[in-house]
Amino acid sequence: MNRFTVVLAATGLLAGALSAQGQGPPAAGAAAAGNSPWRVTASVGTTLSASPLVLVSDGSEASVNQTSATQVSLDLERRLGRGIYLFVGGTLWAPQLTHSGILEVDPYPSRPVYQATTVLTSFGLNWMPERRLLWVGSPVIRAGVAYKIRKLDVPYSDVSAELAGDLGAGWRTPISDRADLLMMYRFSPSEFNPATLPIVLGGEAKQAVNDHFVQLGVRWTP
């Protein structure tokens with residue numbers, strides 16, 4: 001898939017470019033936190049789904065769309081160089097599905113809503129300059145690859161597991177010697193396989209589904 005090749009290439013270029021880039025002296029908070037290479041980030045936010053989950057091809061039924069949903073995530077980071085961190089993380093959310101009546105399966109009774117429980121496991125690089133800008137913080141850039149596992153609570157449906165991207169940008173503001181406030185926007189391109197559903201909806205074998213997150217979290221240095 002071409003877009004994931006682009007994500008991988010961008011991650012590699014980011015690593016090479018930033019490894020060679022010199023940074024200024026670390027912020028006072030970073031110095032006070034000691035030399036621990038590890039960071040832990042816990043975040044909560046909301047998803048902003050911009051793509052339908054299923055596009056019905058014949059025009060006789062509405063497409064199945066996702067609602068916004070509360071999202072939680074946890075990342076573990078290890079410092080590789082000045083301002084460069086390798087991260088491994090997980091994100092969980094469970095949006096409801098609109099127009100879910102077309103997902104009804106006999107002999108099960110119809111339900112007003114269905115949910116799509118989704119887990120995103122990802123790894124990649126974060127770039128966070130150690131020198132503060134305007135004495136209030138510094139930008140954050142995130143680039144990684146992921147695996148998106150999606151399960152609809154529709155009878156007889158299977159798990160859809162697809163390669164995904166994990167890209168983001170935000171701002172980091174120190175709130176203590178060991179903690180930062182982290183505000184992030186993340187974008188995760190991926191696909192959904194309608195063949196995992198127990199009914200035939202038409203359309204292509206796999207359809208693009210792009211998920212967007214707005215997050216607020218705390219990043220802590222052990």
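For the range 210-222, the set of residues classified as open to solvent by 40 Å² or more (accessible area, probe 1.4 Å) and over 16 Å from the mean Cα position of the chain (by Cα) consists of VAL218, TRP220, PRO222, listed by residue number. Looking for something at pLDDT 85 or above and more than 17 Å from MET183 (Cβ to Cβ) - is there at least one such residue anywhere in the range 128-141? Within the range 128-141, none of the residues are at pLDDT 85 or above and more than 17 Å from MET183 (Cβ to Cβ). You will find that of LEU167, LEU182, the residue that is open to solvent by less than 20 Å² (accessible area, probe 1.4 Å), over 24 Å from GLN115 (Cβ atoms) and either touching a Lys or Arg at 6+ places or on another chain (Cβ under 8 Å) or charged (D, E, K, R) (or both) is LEU182 and no other. When each of SER176, SER160 is tested for being among the hydroxyl-bearing types (Ser, Thr, Tyr), open to solvent by 40 Å² or more (accessible area, probe 1.4 Å) and touching a residue at least 24 places away in the same chain (Cβ under 8 Å), the lone residue that passes is SER176. The single condition among (1) modelled with pLDDT of 50 or more; (2) outside any strand (DSSP E or B); (3) surrounded by fewer than 18 Cβ atoms within 10 Å (Cβ to Cβ) that ALA42 does not satisfy is (2).
So that you can scan it fast, the table gives a plain yes or no per residue for (1) within 22 Å of SER157 (Cα to Cα); (2) more than 18 Å from the chain's Cα centre (by Cα); (3) not hydroxyl-bearing (Ser, Thr, Tyr):
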residue	(1), (2), (3)
ASP180	no, yes, yes
MET183	no, no, yes
PRO194	yes, yes, yes
PRO198	yes, yes, yes
ALA208	yes, no, yes
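Reported count of residues in the range 146-157, each being modelled with pLDDT of 95 or more and either of a type in the set (Gly, Ala, Ser) or surrounded by fewer than 17 Cβ atoms within 10 Å (Cβ to Cβ) (or both), is 3. For the range 195-222, taking the residues that are among the small types (Gly, Ala, Ser) and closer than 30 Å to GLY170 by Cα, the one that is modelled with the highest pLDDT is identified as GLY217.
The values are calculated or read from the model by the stated rules, or taken from the named source; none is laboratory data. These numbers come from a predicted model, not from an experiment. A quick note on method: Cβ atoms are made from the backbone with ideal geometry, for glycine too, and the neighbour counts reach across all protein chains shown. Accessible surface areas use protein heavy atoms only, side chains included; no ligands, DNA or RNA. Shrake-Rupley method; radii C 1.70, N 1.55, O 1.52, S 1.80 Å.
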